[in-house]
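The structure appears right after this line, and notes come after that.
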Amino acid sequence: MSPALPPPPQALLKPLARLLRPLVRLLIRSGVTFPVLTDLLRGLYVDVAARDLLPDPKAQTDSRISLLTGVHRKEIRRLRTEAPEAGGIPAVVTLGSQIIARWLGAPPYADADGPLPLPRTARTAGEASFEGLVESVTKDVRARSVLDDWIGQEIVSLDPEGRVQLSRAAFIPRPGGEEQLFYFARNLHDHIAAAAANVATDGPAPFFDRSMHYDRLRPETVTQLEATARGSAQQLLTDVNRIALAMAEADDKAAGTSTPLRRINLGVYVYVEDDPIDKETAP
């Protein structure tokens with residue numbers, strides 16, 4: 001599969017304006033002003049040009065980067081001397097997602113119907129428990145601490161028998177929290193990266209990117225379709241997670257090979273809004 005010529009600038013501007021509109025709305029509401037965004041974009045232009053488009057260090061000159069990006073060489077020198085921001089996955093994301101993923105797909109914590117309610121501690125030898133679930137992921141954090149935190153966030157609840165049950169809140173990070181913002185960045189990054197690769201590739205699209213869309217529907221119809229889509233999407237993610245978890249454990253046992261490691265991200269979204277009235281076609 002060979003790279004194709006990317007779309008010309010003018011062809012990208014109209015879809016880019018639509019793509020960025022909801023993001024700009026969020027930025028304004030969050031107090032991120034245009035000058036702040038400009039500084040961020042200037043630094044990103046320089047970093048992407050140097051890291052992604054000029055992999056040969058000898059070609060990463062200020063003049064070459066300036067030619068590619070339109071950023072003045074003086075600004076490029078300043079930006080390249082600044083320390084990059086720390087990245088990485090927040091600990092709350094790593095620990096929580098690993099525990100929930102195991103609970104959703106790994107026996108004896110789940111069966112074909114999904115996660116099982118778990119006693120806090122094992123009452124008999126070999127019995128699955130919430131404590132055992134947490135310890136299967138980490139021994140650095142006490143299961144009681146995780147339980148208390150998750151009860152407070154309504155990620156789990158206790159049934160009449162005192163067993164720990166995973167709730168729907170487990171799939172929905174706290175609004176505005178560190179975990180939600182991490183997934184906000186990663187999921188949109190990966191979707192845009194896949195779509196951009198498909199646009200800029202000659203031949204079959206390298207990534208699966210499909211959607212179903214209808215307009216001019218009654219609100220009641222959309223409500224029913226949204227509920228169906230949510231249920232089907234959650235089932236898809238649960239099923240694939242169960243398969244991926246088993247494969248990941250097999251890969252861990254085969255660790256130490258020289259095969260390059262890769263990552264995969266499967267995302268599903270549903271969006272609903274009022275259909276704008278087309279004055280030329282409306283009855």
Can you tell me which residue is surrounded by the most Cβ atoms within 10 Å (Cβ to Cβ) among those in the stretch 224-277 that are more than 23 Å from residue 100 (Cα to Cα) and among the hydroxyl-bearing types (Ser, Thr, Tyr)?
228
Looking at the structure I just gave you, is residue 240 within 30 Å of residue 110 (Cα to Cα) and of a type in the set (A, V, I, L, M)?
yes
Among helices (runs of 4 or more DSSP H) entirely within the stretch 75-193, at least 2 residues that are at pLDDT 90 or above, aliphatic (A, V, I, L, M) and loosely packed, with under 11 Cβ neighbours inside 10 Å occur in none
Picked from the stretch 21-63 (must be among the basic types (Lys, Arg) and free of Cβ contacts under 8 Å to residues at least 12 places away in the same chain), the residue nearest to residue 80 (Cα to Cα) is 51
Residues of the stretch 101-123 being among the aliphatic types (A, V, I, L, M) and in contact (Cβ under 8 Å) with a residue 40 or more places away in the chain, which ones?
101, 104, 106, 110, 118
Of everything in the stretch 201-223, what is loosely packed, with under 13 Cβ neighbours inside 10 Å, in a loop (DSSP other than H, G, I, E, B) and not polar (S, T, N, Q)? Give them in sequence order.
203, 204, 206, 208, 209, 210, 212, 213, 214, 215, 216, 218
Every listed condition ((1) under 20 Å from the mean Cα position of the chain (by Cα); (2) under 27 Å from residue 23 (Cβ atoms)) holds for residue 155 save (2)
For residue 250, work out the one condition from (1) more than 30 Å from residue 220 (Cβ to Cβ); (2) touching a residue at least 40 places away in the same chain (Cβ under 8 Å); (3) in a helix (DSSP H, G or I) it doesn't fulfil.
(2)
Only one of 145, 211 is under 16 Å from residue 266 (Cα atoms) and free of Cβ contacts under 8 Å to residues at least 60 places away in the same chain. Can you tell me which?
211
(1) under 30 Å from residue 110 (Cα atoms); (2) in contact with a strand residue (DSSP E or B) (Cβ under 7 Å, 6 or more places away or on another chain) all hold for residue 201 apart from (1)
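Among the candidates 25, 64, 42, single out the residue that is at pLDDT 90 or above, basic (Lys, Arg), farther than 30 Å from residue 137 by Cβ and exposed (fewer than 15 other Cβ atoms within 10 Å of the Cβ).
25
The values are calculated or read from the model by the stated rules, or taken from the named source; none is laboratory data. No experiment lies behind these values; they were computed from the predicted model shown. Every residue, glycine among them, receives a Cβ derived from its backbone with ideal geometry; neighbour counts consider all protein chains shown.
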